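One structure is given below, encoded as structure tokens.
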Amino acid sequence: MIDRKVMLIAGGSGSIGGAIVREAMIHGWQVAVHGRNEDKVHALVAGLAEEGIAEGFVCDIREDDAAEVLVADVAEQFGRIDAVIDCTATGPEGITGLFADTDPAAYAEFLGLSVGWLQRLAHAAYPFLELEGGTLIAFVSDAGIHAAPRQTLIGAARAGSIGFIRNFAMEAARDGIRAHAISPSFVKGSDSARRMGSERMAKAAKRAGLGLPTAGDIAPLAVFLCGDGARKITGQVISVNGGLNA
Ligand SMILES: NC(=O)c1ccc[n+]([C@@H]2O[C@H](COP(=O)([O-])OP(=O)(O)OC[C@H]3O[C@@H](n4cnc5c(N)ncnc54)[C@H](OP(=O)(O)O)[C@@H]3O)[C@@H](O)[C@H]2O)c1
């Protein structure tokens, strides 16, 4: 039990993060579940008590040193960290929508919260991931790959995260660390889908030949990429979008 590998899921209390938590536990991982809302994190962890080992960690990633404190707390609790998955979704209002209507002042903060948070998380986790060949996964968005109206700012931020992951992967491979980006588009049943509204979701569903994925359709890929079966794969950006974009 004590030797089980440890996965830290930042934003693990969210729609996609929660599905990865469950999938990872089915595959024998010990899981550190992070979120911002304490009640939400603790309710999720309490509901998983029968499934294996999961511990909750709460912090707001806008706080100074949030990444360093989170990684140190997880390492202290479990004694190791073998995979880090960033599922935080931090977009403030005003980031998506017609460019002329977006708030220019919100963008620098948003970049810091997405790309900046990812690089600090990676930096803090590096010494643990290199010990036994760990994996870093960043959730991004198809907006960072496929151009579309209303996505100028989110697209730029997600492209930044993708650039970070691909370059990081090339360098960190020498230390046995793998890194990937997983890119959803429209995710059925997620909080973001609810915010988007049924009309936009229905339009997207018509274009997705395989049908839009749920969070449960995305989680197995994340867990696979962190496992031994993916030990020679790194630097990939994989869209899970039901055939919406290729
Ligand atoms: N769902 C989609 O349709 C979709 C599409 C494209 C890309 N993505 C990307 O996939 C990833 C996961 O998305 P999701 O749908 O699972 O998002 P979600 O359900 O909104 O979950 C977001 C997670 O981030 C945490 N979080 C947000 N702000 C935080 C802050 N300031 N400090 C600490 N934690 C914070 C939330 O915690 P609390 O709940 O406690 O606030 C929650 O755990 C994100 O990167 C998202 O951009 C999702």
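Observations on the model:
- From phi via Karplus (6.51, -1.76, 1.60), per-residue ³J(HN,Hα) for the range 194-203 in Hz, x at Gly/Pro: 5, 5, 6, x, 5, 5, 5, 5, 5, 4
- Rounded if a/c under 1.5, otherwise prolate or oblate - the range 4-161, Cα gyration tensor axes: prolate
- On Cα atoms only, tilt of 215-226 relative to the major axis of the chain in degrees: 50 degrees
- In the chain, helices alone account for a calculated mean residue ellipticity at 222 nm of -13000 deg cm²/dmol, with every DSSP H run of four or more residues adding -39,500 (n - 2.57).
- Using θ = phi - 60° and Karplus 6.51 cos²θ - 1.76 cosθ + 1.60, couplings along the range 237-246 (whole Hz; Gly, Pro as x): 10, 10, 8, 10, 9, x, x, 6, 10, 9
- Each residue of the range 129-138 is assigned a 3J(HN,Hα), and the resulting list reads 5, 6, 5, 9, x, x, 10, 10, 10, 10 Hz, derived from the Karplus form 6.51 cos²θ - 1.76 cosθ + 1.60 (θ = phi - 60°), x at Gly and Pro.
- Counted over the chain, the DSSP beta bridges are approximately 0% antiparallel.
- A simple spin-label model places pseudo-atoms 7 Å from Cα toward Cβ; at ASP39 and ALA148 they are separated by 3.3 nm.
- Point-to-point label distance, LYS206-ALA173, nm (Cα→Cβ direction, 7 Å offset): 4.3 nm
- Between helix 38-47 and the chain: long-axis angle, C-alpha atoms, 0 to 90°, nearest 10: 60 degrees
- DSSP loop GluC sites (Glu not before Pro) with at most 14 other Cβ within 10 Å: longest gap in the chain: 133-246
- In the range 1-79, trypsin sites (Lys or Arg not before Pro) in a DSSP loop with at most 12 other beta-carbon atoms within 10 Å: ARG62
- Averaged per residue, the range 101-180 has 45 square angstrom of accessible surface, using a 1.4 angstrom probe with ligands and nucleic acids left out.
The values are calculated or read from the model by the stated rules, or taken from the named source; none is laboratory data. What you are looking at is a predicted structure, and each value in this text was computed from that prediction instead of being measured. Here Cβ is always computed from backbone atoms with ideal geometry, including for glycine, and neighbour counts include all displayed protein chains. For the accessible areas, the whole protein counts, side chains as well, though only heavy atoms, and no ligand, DNA or RNA atoms are used. Shrake-Rupley method; radii C 1.70, N 1.55, O 1.52, S 1.80 Å.
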